[in-house]
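Okay, structure first, notes after.
The values are calculated or read from the model by the stated rules, or taken from the named source; none is laboratory data. Here the structure is a predicted model, which means the values were calculated and not measured. Glycine gets a Cβ as well: all are built from the backbone with ideal geometry, and neighbour counts include every protein chain shown. For accessibility, only protein heavy atoms count, side chains too; no ligands or nucleic acids. Shrake-Rupley method; radii C 1.70, N 1.55, O 1.52, S 1.80 Å.
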Amino acid sequence: MNSAVEGFPLAPQQKRVWLSQQQDGFPYLCEATIRIEGELDRVALRRALDRVIASHEILRTRFCRVPGLEFPLQVISADGTTEFGGEISGLPDFENGPLLRFGLGEGADGAYVLSVRASALQADARSMHNLARAIAAAYQAIVAGGDLDTDPVQYVQFSEWQNEILAADESVDGKRFWTQQADVAPEITLPFEADAAGASKIGRMPGPFLNMPAGGVAPRAALLACWTAQLSRRAGQKLVAVRVRTDGRPYAEMHDGLGLYERWPLLRSTIEGEMTFAELAQGVDAALGELDSWQEYYSGEG
């Protein structure tokens, strides 16, 4: 480690995002808007933002390159200042920050809209919901003249734990599971990918198909089964693999955490000629359960 930079290694999720944005040539962002109705104390809101940023290290984390290392380090800044103004503009500065930005505007109906932009290295979809709740709680406490007793799990604790799991000898079976998932994932080329000018479109699922019994599985599995069936039909392949989102927060203490926890592993499905939709949906549901059970060992590869 470079003596001029003290930081922590990226989590596997962050490494995947870092590589993807390097390949694509632009930064990945996580954005949200928070609607605020009623009277607004702007000073209290600013104090609430500062309080939340002070409580969560990932919101004041920079990503600094070190010579000889493939990935940057997470460097936690002691100063929690962030941009707070009108329209959010410009690209994030990973080395110097701030990466978290807020903008406050007023809607046509008189309600306020708080815009939030963070690097995708700092947050995921659930983080934005958690951030909105944390801001609301801090604002209410400040207006009421009270305080909040919060001791959240810090993201660097999660990233260190995740890296330790993947480095442990006990992770061999878990890593083998994900290697097998990636090894059999087929490439899918849909008919309209070959010629954009004459592209066909995937139409709506026929009503009878959507109304078929899904074997008592959750809506998520049923919808994934629909998508898998469409891909199989359009591509003319029995084996289909799609990326699915897993929350990445298997333990209660992580549920309110801020940071990039979610993962996007491959889910494989094989569609046989005589398979019913209920059988497909049940197979997808079982595969989702298997992904969740091994998600701690997913390195982001494949």
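Answer yes or no as to whether residue 218 is out of contact with any helix residue (DSSP H, G or I) (no Cβ under 9 Å at 6 or more places or on another chain) and modelled with pLDDT of 85 or more.
Numbers: out of contact with any helix residue (DSSP H, G or I) (no Cβ under 9 Å at 6 or more places or on another chain): no; modelled with pLDDT of 85 or more: yes.
No.
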### Message
Could you go through segment 105-121 and let me know if any residue there is closer than 22 Å to residue 248 by Cα, part of a helix (DSSP H, G or I) and among the small types (Gly, Ala, Ser).
### Response
no
### Selection from segment 227-242 of residues that are free of Cβ contacts under 8 Å to residues at least 24 places away in the same chain and either among the aliphatic types (A, V, I, L, M) or outside any loop (DSSP other than H, G, I, E, B) (or both)
227, 233
### Query
How many residues does segment 159-181 contain that are within 30 Å of residue 63 (Cβ to Cβ), surrounded by 12 or more Cβ atoms within 10 Å (Cβ to Cβ) and not basic (Lys, Arg)?
13
### Message
Six or more apart or on different chains, Cβ atoms under 6 Å: show the pairs whose first residue is in segment 157-182 and part of a helix (DSSP H, G or I) and whose second is of a type in the set (S, T, N, Q).
### Response
165/171; 166/299
### Query
If we keep just the residues of segment 54-85 that are open to solvent by 50 Å² or more (accessible area, probe 1.4 Å) and at pLDDT below 80, which is nearest to residue 27 (Cα to Cα)?
83
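Tell me, yes or no, whether segment 50-67 has at least one residue that is among the hydroxyl-bearing types (Ser, Thr, Tyr), closer than 20 Å to residue 17 by Cα, in contact with a strand residue (DSSP E or B) (Cβ under 8 Å, 6 or more places away or on another chain) and not in a loop (DSSP other than H, G, I, E, B). Lay out the reasoning, then the answer.
Within segment 50-67, the subset among the hydroxyl-bearing types (Ser, Thr, Tyr) is 55, 61.
Those still in the list that are closer than 20 Å to residue 17 by Cα too: 61.
Checking the rest, the ones that are also in contact with a strand residue (DSSP E or B) (Cβ under 8 Å, 6 or more places away or on another chain) come to 61.
Then drop every residue that is not not in a loop (DSSP other than H, G, I, E, B), which leaves 61.
The answer is yes; a qualifying residue exists.
Take residue 283 and decide whether it is assigned to a loop (DSSP other than H, G, I, E, B), crowded, with 18+ Cβ neighbours inside 10 Å and modelled with pLDDT of 90 or more. Lay out the reasoning, then the answer.
Details: assigned to a loop (DSSP other than H, G, I, E, B): no; crowded, with 18+ Cβ neighbours inside 10 Å: yes; modelled with pLDDT of 90 or more: yes.
Criteria not met by residue 283.
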### Query
Hey, residue 259 hits all of (1) within 30 Å of residue 59 (Cα to Cα); (2) at pLDDT below 90; (3) of a type in the set (Gly, Ala, Ser) but one; which does it fall short on?
(2)
### Task
Give the residues of segment 233-242 that are among the small types (Gly, Ala, Ser) and surrounded by 14 or more Cβ atoms within 10 Å (Cβ to Cβ), sorted by residue number.
235, 241
### Query
Considering 270, 276, which residue is touching a strand residue (DSSP E or B) at 6+ places or on another chain (Cβ under 7 Å), more than 22 Å from residue 121 (Cβ to Cβ) and open to solvent by 10 Å² or more (accessible area, probe 1.4 Å)?
270
## Note on the structure
Residue pairs within 7 Å by beta carbon, gap of at least six or interchain, first lying in segment 36-47 and assigned to a helix (DSSP H, G or I), second of a type in the set (D, E, K, R) and open to solvent by 30 Å² or more (accessible area, probe 1.4 Å), listed first then second, are none
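So how many residues does segment 5-48 have that are on the phi > 0 side of the Ramachandran plot and surrounded by 16 or more Cβ atoms within 10 Å (Cβ to Cβ)? Break it down into steps so the answer makes sense when it comes.
Quick first cut of segment 5-48, residues on the phi > 0 side of the Ramachandran plot only: 25, 38.
If we keep only those that are surrounded by 16 or more Cβ atoms within 10 Å (Cβ to Cβ) as well, we get none.
The total comes to 0.
Give 35, 60 a once-over and let me know the one that is over 20 Å from the mean Cα position of the chain (by Cα) and among the basic types (Lys, Arg).
On the way: 60 fails: over 20 Å from the mean Cα position of the chain (by Cα).
Only one candidate qualifies: 35.
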### Qualifying positions in segment 86-104 - over 23 Å from residue 19 (Cα atoms) and either assigned to a loop (DSSP other than H, G, I, E, B) or at pLDDT below 90 (or both)
86, 87, 88, 89
### Query
Restricting attention to segment 243-265, which residues are surrounded by fewer than 17 Cβ atoms within 10 Å (Cβ to Cβ) and either among the hydroxyl-bearing types (Ser, Thr, Tyr) or part of a strand (DSSP E or B) (or both)?
243, 251
### Count - residues of segment 94-125 that are open to solvent by 20 Å² or more (accessible area, probe 1.4 Å) and farther than 20 Å from residue 155 by Cα
10
